[in-house]
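To start, the structure under review is shown below, and the notes come after it.
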Amino acid sequence: MHIRTATIADLDALERIYATARRFMAENGNPTQWGDGRPTRDEIAETIRAGACLVGVDDADEPHFAFSLYSQADPTYEHIYDGSWLNDAPYVTIHRVASDGTGHGVFASIVAFARARAEGLGLRDVRIDTHEDNKPMQHLVGKAGFAYCGIIHLADGDPRLAYQLTF
């Protein structure tokens, strides 16, 4: 597998990947994080147009996992509660991690890609957040070396557990 920037031609595959991820989350105690059908097709297309949607593809260029990566400051990370960020340095942010479940080491690949992108920009920090019920993601984030920093709130007010990796 290798990671590339998603294109509009990937939209149907991305919808399938996110549907699979929603089912997995619901079956593993997290039915509300994306239970409302998010990200929607329009949201995915917007992320693709912004150049922030990435896909992990096989040798036939078929997508099997997806995530978004941003290099500008995330406004929802401006205020953190019940903790603090490790530093105030610029960072890249990983969002919307999803897999079709066919591969192993997906999150490690995503983190390696995010670190390389950060280093290419002269940055040494990666941030991520997840729903409090998303125990599988919390496990992966901790395993990848992220430190728990506190709670942030999304634009709609929903709380998320916030993590930061420095290197």
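Some points to look at:
- The residues of the stretch 33-47 that are in a loop (DSSP other than H, G, I, E, B) and exposed (fewer than 15 other Cβ atoms within 10 Å of the Cβ), listed by number, are G35, D36, G37, R38, T40.
- Pairs meeting the criteria (first residue in the stretch 48-71 and part of a strand (DSSP E or B), second residue of a type in the set (D, E) and modelled with pLDDT of 95 or more, beta carbons under 6 Å, at least 6 apart or on different chains) are V55/D10; P63/D10; H64/D100.
- Any hit, the stretch 20-32, residues being out of contact with any strand residue (DSSP E or B) (no Cβ under 8 Å at 6 or more places or on another chain), surrounded by 17 or more Cβ atoms within 10 Å (Cβ to Cβ), touching a residue at least 60 places away in the same chain (Cβ under 8 Å) and not in a helix (DSSP H, G or I): yes
- Among the residues of the stretch 152-167, those identified as in contact with a strand residue (DSSP E or B) (Cβ under 8 Å, 6 or more places away or on another chain) and within 14 Å of D74 (Cβ to Cβ) are I152, H153, L154, R160, A162, Y163, Q164.
- Residue satisfying condition, being at pLDDT 95 or above, closer than 25 Å to V55 by Cβ, in contact with a helix residue (DSSP H, G or I) (Cβ under 8 Å, 6 or more places away or on another chain) and in a strand (DSSP E or B), within set I128, I152: I128
- Test result for V111, crowded, with 19+ Cβ neighbours inside 10 Å and in a helix (DSSP H, G or I): yes
- Taking the numbered list (1) under 21 Å from W34 (Cα atoms); (2) exposed (fewer than 13 other Cβ atoms within 10 Å of the Cβ) in turn, V141 passes all entries but (2).
- Of the residues examined, D12 is not one that is farther than 23 Å from Q138 by Cα and assigned to a loop (DSSP other than H, G, I, E, B).
- Matching option when the condition is in contact with a helix residue (DSSP H, G or I) (Cβ under 8 Å, 6 or more places away or on another chain) and surrounded by fewer than 21 Cβ atoms within 10 Å (Cβ to Cβ), among G120, G101: G101
- Residue match in the stretch 93-104 (condition: farther than 21 Å from E46 by Cα, free of Cβ contacts under 8 Å to residues at least 12 places away in the same chain, in a helix (DSSP H, G or I) and not charged (D, E, K, R)): no
- Looking only at the stretch 72-92, residues that are touching a residue at least 24 places away in the same chain (Cβ under 8 Å), on the phi < 0 side of the Ramachandran plot and not hydrophobic (A, V, I, L, M, F, W, C) come to 10 in all.
- Selection within the stretch 59-109 - among the aromatic types (F, W, Y) and under 25 Å from Y18 (Cβ atoms): F65, F67, Y70, Y77, Y91, F107
- Within the stretch 149-167, residues that are at positive phi reach partners that are modelled with pLDDT of 95 or more and surrounded by fewer than 16 Cβ atoms within 10 Å (Cβ to Cβ) with beta carbons closer than 7 Å, at six or more positions or on different chains, in the pairs G150/Y81; G150/D82; G150/G83; G150/S84.
The values are calculated or read from the model by the stated rules, or taken from the named source; none is laboratory data. None of the values given here were measured: they were computed from a predicted structure. Every residue, glycine as well, gets a Cβ built from its backbone with ideal geometry; the counts of neighbours run over all protein chains shown.
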